[in-house]
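Read through the structure below, which is laid out as structure tokens, and then see the notes.
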Amino acid sequence: MRNAGTRLVDAQGNVVPSAPYAYGGAHSSGSQARLGAILEDPETFSDAEARVIMWYLFRSPGHGEPVRMMVSDIADRLGMTRQGLTRIVKRLRERRILIERDRVGRTPFYAISPYLGGHGPGLEQRSAIRECNPPEIPAADIKAAPITPVRSTTRRTA
């Protein structure tokens, strides 16, 4: 939330008008190449699978945390049966698109692969991809970028 006491001014001291972002709430960033390959490959990914991928991308809390919802609740939101969603999640898990991040009893909770997208700044996403293997997306012929050590931007030396 913006600080109401802070105003932007131009060089002459005039107040610069500002407005909140047009979209409300949090937003996600995603890999155009990988998500585009998923959406443009109907032989590999069904429409229902693409909807589940997008749902997990946009509903994940970020920072590698899983979506903490029961399969039946997610299925209701997506207009699917619980069994159908369970089959889709199994296929997406085998392709490393969904990653099991937590389990309570027999109930697993999944997060979207950080290679497909996520929340937060680039440094967080860059460190998140070190924790898992890239997803298997046949239509996406993407070469892995060389990963160099992440440097702290806040540490200063004299």
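Residues whose amide H lies under 5 Å from that of residue 117, counting only those 5 or more places away or on a different chain, are 31; hydrogens are built 1.01 Å from N in the peptide plane.
For the stretch 41-68 versus the stretch 75-143, the spacing of their alpha-carbon centroids is 7 Å. The 3J(HN,Hα) values that the Karplus relation (6.51, -1.76, 1.60; θ = phi - 60°) gives for the stretch 104-116 are, in residue order, 10, x, 9, 9, x, 10, 10, 10, 6, 4, x, 5, 8 Hz. Gly and Pro appear as x. From least to most packed, judged by other beta carbons within 10 angstrom and beginning with the fewest, 129, 97 follow the order 129, 97.
Compared with the alpha-carbon gap, the fully stretched path from residue 123 to residue 14 is longer by 35.7 nm at 0.36 nm per residue.
If r is the Cβ-Cβ distance from residue 83 to residue 133 and R0 is 25 Å, what FRET efficiency results, to the nearest 0.05?
On the way: r = 28 Å, r/R0 = 1.12.
That pair, residue 83 with residue 133, gives E of 0.35.
Quick note: the coordinates plus some simple rules give every number you see, no bench work behind them. Just so you know, these numbers come straight off a predicted model, no measurement behind them. Note that each Cβ is placed from the backbone with ideal geometry, even for glycine, and that neighbours are counted across all protein chains shown.
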